[in-house]
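The next block holds one structure in the form of structure tokens; read it before the comments.
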Amino acid sequence: MECQAGASISSFTNFCIKNENDEIINKCGSVSDKNIDKFAMFNIKGTKATKTDTFILPENAKAIIEFKLIKIIEESTVKIFMGEAVAAFKLKD
């Protein structure tokens, strides 16, 4: 499936943040542009996910879920990503 700037995606991750005031969370939340690589823009060093071709931020998360992309539903300017969970784990505080 295609997403931003023609990039093909097949997986995504979701995580529960440890601290809503985390600097990385605030920086990434301040930018909304499908053509921007936030990892590069903010010099974020991610870790390769365990089951998907994505990067995660374990030092900033309480829990992480990795998903295989099933479908993207587009409604106006919003995209909803639907996926099958392929890995989930709770991290130490």
Just checking, how many residues over the range 34-78 are in a strand (DSSP E or B), touching a helix residue (DSSP H, G or I) at 6+ places or on another chain (Cβ under 9 Å) and open to solvent by less than 90 Å² (accessible area, probe 1.4 Å)?
-> 2
Flagged pairs (Cβ under 9 angstrom, 6 or more apart or on separate chains; first in the range 22-47, within 18 Å of Lys62 (Cα to Cα) and in contact (Cβ under 8 Å) with a residue 12 or more places away in the chain; second open to solvent by 70 Å² or more (accessible area, probe 1.4 Å) and assigned to a loop (DSSP other than H, G, I, E, B)) are Ile25/Asn19
Looking only at residues in the range 8-33 that are part of a strand (DSSP E or B) and closer than 15 Å to Ala87 by Cα, which one is modelled with the lowest pLDDT?
-> Phe15
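The values are calculated or read from the model by the stated rules, or taken from the named source; none is laboratory data. What you see is a predicted model; the values in this text were computed from it and never measured. Cβ atoms come from the backbone with ideal geometry, glycine included; neighbour counts cover every protein chain shown. SASA here: full protein model, heavy atoms, side chains in, ligands and nucleic acids out. Shrake-Rupley method; radii C 1.70, N 1.55, O 1.52, S 1.80 Å.
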